[in-house]
Amino acid sequence: MDRNVRKLRDQDINPCLEETHASSKCMDHYNYDRNMCSAYFQNYKDCRKYWHNVMVQRRREGIKPEMPTAAERQEILAALGGKPY
């Protein structure tokens, strides 16, 4: 398997894995009609934007790793009461 593909499927690297799968499933279900899946795409974009901002903030504060691990992300989302996007 290609290294980039593995990175996209790694839960510690890709914080929006669930949204990625949901949008892919939608595309498969609607025979790749992008108009039918716009809500899934927007959810994915919001997810990426949120976690990118978290990563930038951690970088500014000198926190390593810059992207929280999957376990840390679950704790963050639980503290927020669910997904903010």
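Between 0 and 90 degrees, the angle of helix 17-29 with respect to the longest Cα principal axis of the chain falls at about 0 degrees. Excluding same-chain neighbours fewer than eight residues apart, the aspartates and glutamates reachable from residue 45 by a Cα-Cα span under 17 Å are 18, 19.
In the context of the full set of protein chains, the chain has a per residue accessible area of 74 Å² (1.4 Å probe). Rolling a 1.4 Å probe over the protein heavy atoms of the chain, with every protein chain left in place, gives an accessible area that is 50 percent carbon and sulfur. Summarising the overall dimensions of region 8-85 from its C-alpha atoms, the Rg and Dmax are 14.0, 45 angstrom. Counting only aspartates and glutamates at least 8 places from residue 64 when in the same chain, those with an alpha carbon closer than 17 Å to its own are 12, 72, 75. A 1.4 Å probe, protein heavy atoms only, puts the accessible area of residue 64 near 150 Å².
The values are calculated or read from the model by the stated rules, or taken from the named source; none is laboratory data. Computed from a predicted model, the values in this text were never measured in an experiment. Heavy atoms of the whole protein, side chains included, go into the accessibility calculation; ligands, DNA and RNA do not. Shrake-Rupley method; radii C 1.70, N 1.55, O 1.52, S 1.80 Å.
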